[in-house]
Amino acid sequence: MQKILITGGAGFIGSNLTEYFLNKGYQVVCLDNFVTGYRHNVEPFLQNPNYQLIEGDICDLEMCRKAVENIDYVLHQAALGSVPRSIKDPIKSNEINISGFLNMLVAARDANIKRFVYAASSSTYGDSVSLPKVENVIGRPLSPYAITKYVNELYADVFAKTYGMECVGLRYFNVFGRRQDSNGTYAAVIPLFIKQLMNHESPKINGTGDYSRDFTYIDNVIRMNELAMFTDNPDAVNTVYNTAVGDCTTLNDLIVYLKKYLSEFDEKIADIEAVHGPNRIGDIPHSLASVEKAEKLLGYQPSHTIEKGLKEAISWYWENLK
């Protein structure tokens, strides 16, 4: 039976990956320090004999070594996310996202794991204005967070060339879906807007609402992790991939979708209007991914469009936030 380590396994993406691979019969080990992850995300797995929870920090090299014992594959999701948070505290972002990443690479190298798949970020494209975003054309980073995620790619590339590791980076584009946190200063835009609309509050858009994103449903991300982990195509490893849909939606259009689908549960939501504030420092205006590389080398096809994903996410939030 294959054994997978998921770092950050109590977080939004990590817990969804955990659920998926446990349901497919794999053994899953979760490493999380619960700084941004939640215990309620892992509670459903605790009685599963194929699940192991290790409470620990990727900034502790010995803890990383313990976590990779007898592991076949690593899905590295642990990080301190959020562009605004990195601007407020760049030192902490650097410590976790770079030093912690390096600890995991070293531990995985020494344990001879089969493949190291890690969460990269679309923020790596920085000030590049070209659309759609293709993996080999990036700009200068616009935030400390973007710097840390780009450094991850550089380290993975060096470890592949120097130590013969197999590494695959997945540049996530605005992932959303079940279990994504709707609370706190750094809540992602979709769960935040959903919560505000459910509470009959006006969602606040940064800027005019013309900024656009390639919003990517969690099931597309799970699929990309699975393909990256198990591909037997030698040309498909030791590289990075956009993990997205290949379509973009403005924030104004996002509000339209959310009101439409939420009003099916509560008709009053249809009349709520958004308010606008200043643009946020470090935000890129537009984000649209090319997924041609993933299609060609991994056989990836996104299962969920923005609309299909929003319908499923809203159903989950309606059941769990009410």
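The values are calculated or read from the model by the stated rules, or taken from the named source; none is laboratory data. These figures come from a predicted structure and were not determined experimentally. Neighbour counts are summed over all protein chains in view; Cβ atoms, including those assigned to glycine, are modelled from backbone coordinates with ideal geometry. Ligands, DNA and RNA are excluded from the accessible area calculation, which covers all protein heavy atoms including side chains. Shrake-Rupley method; radii C 1.70, N 1.55, O 1.52, S 1.80 Å.
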Give the long-range amide H neighbours of Thr216: residues separated by 5 or more places, or on another chain, with amide H under 5 Å away, using H modelled in the peptide plane at 1.01 Å from N.
Val175, Phe176
Work out the charge dipole of the chain with +1 on the Cβ of Lys and Arg and -1 on the Cβ of Asp and Glu about the Cα centre, then indicate which of Cys167, Pro141, Ser182 is farthest towards its positive end.
Pro141
The percentage of the accessible area of segment 111-264 (probe 1.4 Å, all protein chains present) made up of carbon and sulfur atoms, to the nearest whole number, is 49 percent
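Suppose every K and R has +1 on its Cβ and every D and E has -1 on its Cβ; what is the size of the dipole of segment 200-319 about the Cα centre, in Debye to the nearest 20? Show your work: numbers first, answer last.
Numbers: 11 positive and 20 negative charges, 45 e Å.
For segment 200-319, the charge dipole is close to 220 debye.
Determine the dipole magnitude for the chain: charges of +1 sit on the beta-carbon of Lys and Arg, -1 on that of Asp and Glu, nothing else is charged, the reference point is the Cα centre, and the result goes in debye to the nearest 20.
Here the chain has a charge dipole of around 200 debye.
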Inter-centroid distance (Cα atoms) of segment 26-43 relative to segment 84-138, Å:
20 Å
Pop out the carbon and sulfur fraction of the accessible area of segment 48-98 as a percent, whole number, probe 1.4 Å.
48 percent
Using alpha-carbon coordinates, inclination of helix 189-198 to the longest axis of the chain, degrees:
40 degrees
Peptides 168-180, 199-211, 308-320, 235-247 ordered by average Cβ neighbours within 10 Å, highest first
168-180, 235-247, 308-320, 199-211
Formal net charge of residues neighbouring Asp271 (Cβ-Cβ distance under 13 Å; K, R +1; D, E -1):
-1
Please determine, in degrees from 0 to 90 and to the nearest 10, the orientation of helix 144-163 with respect to the longest principal axis defined by the Cα atoms of the chain, where the helix direction is its Cα long axis.
30 degrees
Long-range Cα-Cα pairs in segment 208-282 (distance over 18 Å), rounded percent
61 percent
Given the chain, what whole percent of its Cα pairs are spread farther than 33 Å?
22 percent
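Which percentage, to the nearest 5, of the DSSP beta bridges contained in the chain is antiparallel?
On the way: 2 of 38 bridges.
Percentage antiparallel, nearest 5: 5.
Count the lysine pairs in segment 234-322 that are 8 or more places apart or on different chains: how many have C-alpha atoms under 14 angstrom apart? Each step should come with its number before you reach the end.
Working: Lys259/Lys268; Lys259/Lys311; Lys260/Lys268; Lys260/Lys308; Lys260/Lys311.
Final tally of qualifying lysine pairs is 5.
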Spelling it out for Gln180: with amide H atoms placed in the peptide plane at 1.01 Å from N, the residues 5 or more places away or on another chain with amide H under 5 Å from its amide H are none
Note down the net charge around Asn16, summing +1 for each Lys or Arg and -1 for each Asp or Glu among other residues with Cβ under 10 Å from its Cβ.
0
How large are Rg and Dmax for segment 1-138 when calculated on the C-alpha trace, in angstrom?
15.6, 49
Rounded to two decimals, the Rg over Rh value of segment 1-66 from Cα coordinates and the Kirkwood Rh reads 0.94
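Given a 1.4 Å probe, how much area per residue of the chain is accessible, in Å²?
Working: 14130 Å² over 322 residues.
Using a 1.4 Å probe on heavy atoms only, each residue of the chain averages 44 Å².
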Can you give me the angle between helix 12-23 and the longest principal axis of the chain, using Cα atoms only, in degrees from 0 to 90, rounded to the nearest 10?
60 degrees
Charge tally for neighbours of His286 with beta carbon under 15 Å away, counting Lys, Arg as +1 and Asp, Glu as -1, is -3
Rounded to one decimal in nm, the spacing of the 7 Å Cα→Cβ label points at Asp157 and Asn199 is 4.3 nm
In whole Hz, what ³J(HN,Hα) sequence does segment 122-129 give by Karplus (6.51, -1.76, 1.60; θ = phi - 60°), x for Gly and Pro?
5, 4, 4, 5, x, 8, 5, 9
The answer for Gly56, listing residues at least 5 apart or on another chain whose modeled amide H is closer than 5 Å to its amide H, is Asp32, Asn33
